[in-house]
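Heads up, the thing below is written out as structure tokens.
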Amino acid sequence: MRLNVGTCQDLGAVVTSRPVLVISCRVYQLLNRNIDALLASIAKDGGIPDYKYLIKEFRNTDVSRDDKFQRIYRAYWQMGAARLCDSFCKTYFEYLEELKAFDKVDVQTIAVRLYNVPANARGDRKLHFAFSTKMAHMLQPNRPVYDSLVARFYFLPEEEKTFDDKLKNLLSSYNFLIAEYERVTREGFLDNAIAAFRARCDGDPILTEAKVIDTLIWRFAAMLNNGGLRGGSIRYY
């Protein structure tokens, strides 16, 4: 993806003399200023009740056998869009249940293991990195979730050819998200938006800081992707 330096600077990104993109607080001010539209969109399409159900039930049920949990999980985390076969999903939830025994999980290990599971009836193998981070998030809810919309928000590159190169690149982006979400929290860049979000959700502590930040960024990027700027639901000011 080619970066338009002028556009990046307008959004608050600082392009240094080295190939590094540093996001300044100005880009986050856009979220703070558009928080009413973001919250309305999240209330309509954000699936927060389903997310709360998944987190609350996760440790109380055998996710490899619980049909209701699996149905809500697959819908919330948008597994249907990937057209995964039933055998892949069966293995996915068995692995998710298995990982409950561990205090910490490694996204790279998850991604490699899922890659070795045929994704469809043809036996195709794919790098399911987004689903790997979603699995890790269920086990450690303070971790971010990687997906294409978050990647676009941060101008993260996704074009690599080999499996090893793709995984290395995505892991670098994932580690960036971990560090950046921590910086956003530490510097208070989204304090106003987060406070408004928590007020709307009754301050439920089940929603970690990383999850709130992730939801705000994901929804903002989704609204832009769906023509929010042209339609007027999102404003740059």
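Please tell me if residue 206 is out of contact with any Phe, Trp or Tyr (no Cβ under 6 Å at 6 or more places or on another chain), without any contact (Cβ under 8 Å) to a residue 60 or more places away in the chain, among the β-branched types (Val, Ile, Thr) and at negative phi. Break it down stepwise before answering.
Numbers: out of contact with any Phe, Trp or Tyr (no Cβ under 6 Å at 6 or more places or on another chain): yes; without any contact (Cβ under 8 Å) to a residue 60 or more places away in the chain: no; among the β-branched types (Val, Ile, Thr): yes; at negative phi: yes.
In short, no.
So, in segment 71-87, how many residues would count as being more than 16 Å from residue 136 (Cα to Cα) and buried (at least 19 other Cβ atoms within 10 Å of the Cβ)?
1
Any idea how many residues of segment 204-235 are of a type outside the set (A, V, I, L, M, F, W, C) and within 18 Å of residue 189 (Cα to Cα)?
6
Only one of 204, 214 is of a type in the set (Asp, Glu) and surrounded by 20 or more Cβ atoms within 10 Å (Cβ to Cβ). Can you tell me which?
Step by step, each of 204, 214 is checked, and only 214 is of a type in the set (Asp, Glu) and surrounded by 20 or more Cβ atoms within 10 Å (Cβ to Cβ).
Can you pull out every residue in segment 212-237 that is in contact (Cβ under 8 Å) with a residue 60 or more places away in the chain, assigned to a helix (DSSP H, G or I) and not small (Gly, Ala, Ser)?
213, 214, 215, 216, 217, 218, 219, 220, 223, 225
Select from segment 183-211 the residues that are aliphatic (A, V, I, L, M) and not in a loop (DSSP other than H, G, I, E, B) and list them in ascending order.
The first filter runs over segment 183-211 and keeps only residues aliphatic (A, V, I, L, M), leaving 184, 190, 193-196, 199, 206-207, 210.
If the condition is that a residue be aliphatic (A, V, I, L, M) and not in a loop (DSSP other than H, G, I, E, B), then 184, 193, 194, 195, 196, 199, 210 are the ones that fit.
Within segment 16-51, take every residue that is surrounded by 14 or more Cβ atoms within 10 Å (Cβ to Cβ) and in a strand (DSSP E or B) and give me the one that is modelled with the highest pLDDT.
Step by step, filter segment 16-51, then rank; the result is 23.
Please verify whether segment 61-79 includes one or more residues that are farther than 25 Å from residue 126 by Cα and β-branched (Val, Ile, Thr).
Within segment 61-79, one or more residues are farther than 25 Å from residue 126 by Cα and β-branched (Val, Ile, Thr).
The values are calculated or read from the model by the stated rules, or taken from the named source; none is laboratory data. Just so it is clear, the structure is predicted and the values come from calculations on it, not from any experiment. Positions of Cβ are backbone-derived with ideal geometry, glycine not excepted, and every protein chain shown enters the neighbour counts.
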